[in-house]
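Inspection log for the structure reproduced underneath, given as structure tokens.
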Amino acid sequence: MAHDVESKRGIPPGILLIQKIKRGNLRESTYRYIVLLVTFIAYACYHASRKPSSIVKSVLDPEPYNANGLKWPWPIGNVFVQNEALFDDMNKLGEKGWAPFNGKDGTSKLGGIDVAFLLCYSIGMYFIGHLGDRLDLRLFLTGGMVGSGLFVAFFGFGYFCHIHVFWFYLIMQMVAGLFQATGWPSVVAVIGNWFGKRKRGLIMGVWNAHTSVGNIAGSLLAASVLDYGWGWSFIVPGGFIILGGVIVYLFLAAYPEDVVFERDVVGNVETRPYDEEAQVKREIEKETIGEQTGTVQQYGSEYKRSVGFIEACQIPGVIPFALCLFFAKLVAYTFLYWLPFYLGQTAIGGEYMSVKSAGNLSTLFDVGGIFGGILAGYVSDKLNARAITAASFMYAAIPSMLLYRCYGGISKTMNIVLMMIAGLFVNGPYALITTAVSADLGTHSSLRGDSRALATVTAIIDGTGSAGAALGPFLTGLLSTKGWNAVFAMLVAGASIAGLLISRLVLAEIREKYSNSKQFHPSSRQHTHKDHVSEPLLSGKR
């Protein structure tokens, strides 16, 4: 069935129009730039559509006080409250709120829909990612974006339809979470299809900035229309991701053979390689697999079978990296949810800042994370060692977080510097594992080049990581009553475990490099190829 779907796949309408205007095919480098841009826009739209719920929380449940005492928005709880002035900005955003979120249990209900979204997103990854390897990624991604946009907008329609039933909003978030799960496996699979491993880490490190760009765009869109009614804060970002889905449908060539390979009269796929790395890899596979001579290999996704969930889990390296990402995202998302509140409740230079200032300042953690993703990708490419790079960054995150906790309150300048350094080391391995590592494992040599597992592997790894993303803020809520030191102790433990979980892969990479340095003379190293070395390193075997 998968073969029938793939055989009907054609050139995207927008690309076809460009080819007609140009009166010929475009250069491969041009296609790759288009793929980078379209997938960047696509996942930025996904993240933008996730921001409205955080923007409107203070409008849905505007009163931070109740008869039982202080009440913070989820997930902070009734802890660490030092200055009543911190609530001034929140009190101005609404008067009566919106039922059913403005009652005594409003905070828990808002927290409930967030947790439901993350859980559906995480669970959906495991099932939806497998579909991405069976279906046309362009249509699959388009459908996911349109579905996400519709259910985000439906949440906003609750304002105009005067809906005050909690289950309506819960279901909208749960279904939106399932549709959101289509995004990450699909875009990583597309990038993995187009780019070789030689510079994959650096390219994906730069490309991964779409997360921060999407967060900023979503915040600006939702906040810009908030004065017209909180419903618009969902409808506008919902329309934004639907527009992104249209762009994907028109311009995304998910597979190189769709546009790069020319077809002759009888419909056979021309075997001209589109990547030097692919040619080298095919030569290696001929030696290791014992491919029969005289047989012309057919390239193109319609000649490949998709890998099942269990088979993808058995690919060497998938489970260790998935578990590593669980704890890496636990650390990263704890900062995402808690850092603005931590800044608001911690004296910096002897002064406390407002909620708005704390929120603005916290974005610099993501700025450091952008540089971290780029640096981790670049280093892993230069060393040809994904596990060593990821583990090194996770271990380096431990002292950076402790320094931030101990010395971040000296001055605002010191806080900014230490915050960006912490963001660099915390988000660096997170970005590396979810992008380059997932793409490497999805094209692992154990697949023998006859199957596709990019979306499935990415879903397994990021789905496991997303479970950690949901657990981190939850555990922080429990530990927060003991003070911030307990929270940072949890973060240090999470980073340590993340590094330890890939220790076996790190040792395998070290042994491999040591063996190669002894086996090959420097003058003959040009006869080896990076990809021939990198595959065993990820597998933990030789």
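Distance check, please: which entries in 96/482; 104/412; 22/51; 382/412; 57/329; 51/412 exceed 31 angstrom between their Cα atoms? The partial results should precede the final answer.
Working: 96/482 33 Å; 104/412 36 Å; 22/51 39 Å; 382/412 35 Å; 57/329 23 Å; 51/412 27 Å.
With Cα atoms farther than 31 Å apart: 96/482; 104/412; 22/51; 382/412.
Sorting the segments 506-516, 321-331 by their mean number of nearby beta carbons within 10 angstrom, highest to lowest, gives 321-331, 506-516. The listed peptides 425-431, 211-217, ordered by packing as a protection proxy, come out as 425-431, 211-217 (highest mean of other Cβ atoms within 10 Å first).
Could you rank 227, 105 by how accessible they are, 1.4 Å probe, largest area first? All intermediate terms of the calculation are to be shown ahead of the outcome.
Numbers: 227 150, 105 70 Å².
Reading off the accessible areas and sorting them downward yields 227, 105.
Peptides 160-173, 407-420, 33-46 ranked from most to least packed, by the mean per-residue count of other Cβ atoms within 10 Å: 33-46, 407-420, 160-173.
Filter the trypsin sites (Lys or Arg not before Pro) in region 12-60 down to the DSSP loop ones having no more than 13 other Cβ atoms within 10 Å, then list what survives. Walk me through the numbers before you get to the answer.
Details: sites: 20, 22, 23, 27, 32, 50, 57; in loops: 23, 27, 50.
Those satisfying the criteria are 23, 27.
The values are calculated or read from the model by the stated rules, or taken from the named source; none is laboratory data. Quantities reported herein were computed from a predicted structural model and do not represent experimental measurements. Because the Cβ atoms are built from the backbone with ideal geometry, glycine has one as well, and the counts that use them run over all protein chains shown. Accessible surface areas use protein heavy atoms only, side chains included; no ligands, DNA or RNA. Shrake-Rupley method; radii C 1.70, N 1.55, O 1.52, S 1.80 Å.
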